[in-house]
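So the structure is just underneath, and the comments pick up after that.
The values are calculated or read from the model by the stated rules, or taken from the named source; none is laboratory data. Just so it is clear, the model here is predicted, and its values are computed rather than measured. Ideal geometry is used to build each Cβ from the backbone, glycine not excepted, and the neighbour counts take in all protein chains shown. Side chains included, ligands, DNA and RNA excluded: accessible areas come from the protein's heavy atoms. Shrake-Rupley method; radii C 1.70, N 1.55, O 1.52, S 1.80 Å.
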Amino acid sequence: MHRTVLRELMKKLLIAVCSAFLCALSMNFFLIPAKVYASGINGAAQLMTDVLRDYFHLSLSIGALVLLLNLPIALLGWFRVGKSFTFFSFVTVLFTSLFLSAIPVYPLSHDLLLNAIFGGIISAVGVGIALKYGISTGGLDIIAIYLTRKNRNASSGKYFLILNGIIIVVAGAVYEWQYALYTLISRFVNSYVIDMIHTKYQKLTVITVTEQADKLVSAIQDQFDRGATVIPSYGGFTKKKHYSVMIVISHYELYQMEQLIKRVDPNSFTDILETNKIIGVFHTEEQQRAVQAMKHGETSEKAKHALGDEDYHHFEQLFHAKAKNGGLSGRFPFQGE
C-alpha cells in the first residue's frame with residue numbers, strides 16, 4: 001500500500017514538472033515574443049512585466065512575478081480549497097517559475113498568428129495533462145474554486161472568463177488592440193485543446209456497472225462523501241445480475257474517482273458522462289470535509305456553517321443512528337434477491 005501511494009505521488013510530481021515545462025515553453029518561445037498573453041496569473045505576470053518595463057523602466061523577471069503572485073493564492077487554497085490540491089498546484093507553479101527563468105526567450109516565428117496558435121496549443125497540452133491527473137496549474141483554478149463555493153449558483157467558468165477578460169482588455173487598452181485580439185485567438189485555441197484532452201464540463205456523471213456495489217459506495221463515501229444511486233441491472237448477453245452505481249462529481253475529482261473504481265473493482269465497467277446542469281444538493285470539498293469530520297464524531301460551528309442547518313441536522317441524525325445501531329447495513333436490500 002505504501003509503495004502504491006509513493007508511486008502515485010511520484011507520478012503526480014512528474015506530471016506537474018512536465019506541465020510546468022510546457023507552459024513555460026509556450027510563453028518563452030511563442031507568447032512573450034509576440035506580446036500575446038497567457039491565461040490566468042501567468043498572463044497577469046506577463047502583462048505586469050511589460051507595463052513595468054515599458055512605462056516605468058523597471059526590469060522584473062516573469063518567473064519571479066509568477067511565483068510572487070501565486071503565494072497569497074496558495075495560502076488561500078491551503079486553508080479554503082484543499083491541501084493536496086493546493087500542494088500539487090504550487091509545485092506546478094514553482095517549476096513554471098523556474099523554467100520561465102531558465103529557458104531563454106527566443107522567438108521561433110515572427111508571425112503573430114502562428115505564435116498565438118502554437119502558444120495556445122502547447123500551454124493547453126500542459127494544462128490538460130495536469131487536469132487529467134487531478135492537478136491544477138495554480139492561480140485562477142484556486143481562485144475560481146473558492147469564489148464558486150462562496151456563490152454556489154455560479155460556475156467556475158464564469159470567473160475564468162471575467163479574470164481572463166480583464167487581462168485582455170487591459171492589454172488592448174495599454175498596447176495595441178491587435179495584441180488583445182491575438183490573445184483571444186490564443187485563448188480560444190487553448191480552451192479547445194484542453195477540452196479535447198480533459199473535459200469542458202465542470203460536473204461529470206459517473207456510472208459504474210459492478211458486482212461490488214456495497215464496497216464501491218462505501219469507498220466513495222469514505223473518500224468523497226458524494227451521494228450515490230445504486231440501480232439493479234442485468235448483463236445483456238450473460239443475463240447475470242449486476243449493480244449500476246451512479247454518482248455526480250466535479251471534473252477536478254475525475255482522476256481520483258477513476259483510481260478508486262480501479263482499486264475497488266478492476267473488472268467493473270464505467271461510463272463517464274458530461275453533465276450540463278444539476279438540480280439538487282451537490283457538496284463542495286469544504287462541505288465534504290465537514291461531513292467527514294461529523295462522521296468521526298467531531299462537531300463544530302464551522303461544519304454547521306459549511307453545510308447549513310438542514311444538512312447539518314440530517315447528517316447528525318444519520319451518524320447518531322449509525323452509532324446507535326452499530327453501523328448501517330453494508331449491503332443493499334435487493335442484493336440478497
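Couple of notes before you dig in:
- Candidates are the residues of segment 220-245 that are open to solvent by 20 Å² or more (accessible area, probe 1.4 Å) and aliphatic (A, V, I, L, M); the one that is modelled with the lowest pLDDT is 228.
- Note on segment 253-275: among residues that are polar (S, T, N, Q) and assigned to a loop (DSSP other than H, G, I, E, B), the one that is least open to solvent (accessible area, probe 1.4 Å) is 268.
- Of all residues in segment 28-39, none satisfies being assigned to a helix (DSSP H, G or I), more than 25 Å from residue 179 (Cα to Cα) and either touching a strand residue (DSSP E or B) at 6+ places or on another chain (Cβ under 8 Å) or not hydrophobic (A, V, I, L, M, F, W, C) (or both).
- Scanning segment 31-80 for residues that are polar (S, T, N, Q) and either touching a Phe, Trp or Tyr at 6+ places or on another chain (Cβ under 9 Å) or over 17 Å from residue 160 (Cα atoms) (or both) yields 39, 46, 49, 59, 61, 70.
- Whichever residue in segment 47-91 is open to solvent by 50 Å² or more (accessible area, probe 1.4 Å), within 27 Å of the chain's Cα centre (by Cα) and of a type in the set (Phe, Trp, Tyr) and, among such residues, is modelled with the lowest pLDDT: 79
- A single entry from 244, 218 fulfils the requirement of being of a type in the set (S, T, N, Q) and over 24 Å from residue 289 (Cβ atoms): 244.
- Filter pass, residue 330 being over 30 Å from residue 129 (Cα atoms), touching a helix residue (DSSP H, G or I) at 6+ places or on another chain (Cβ under 6 Å) and modelled with pLDDT under 70: yes
- One residue from 17, 51 being in contact (Cβ under 8 Å) with a residue 40 or more places away in the chain, among the β-branched types (Val, Ile, Thr) and closer than 20 Å to residue 174 by Cα: 51
- Candidates 22, 14 - the one that is surrounded by fewer than 17 Cβ atoms within 10 Å (Cβ to Cβ), at pLDDT 90 or above and under 15 Å from residue 130 (Cα atoms): 14
- Among the residues listed as 120, 77, the single one being within 30 Å of residue 290 (Cβ to Cβ) and either in contact (Cβ under 8 Å) with a residue 40 or more places away in the chain or out of contact with any strand residue (DSSP E or B) (no Cβ under 7 Å at 6 or more places or on another chain) (or both): 77
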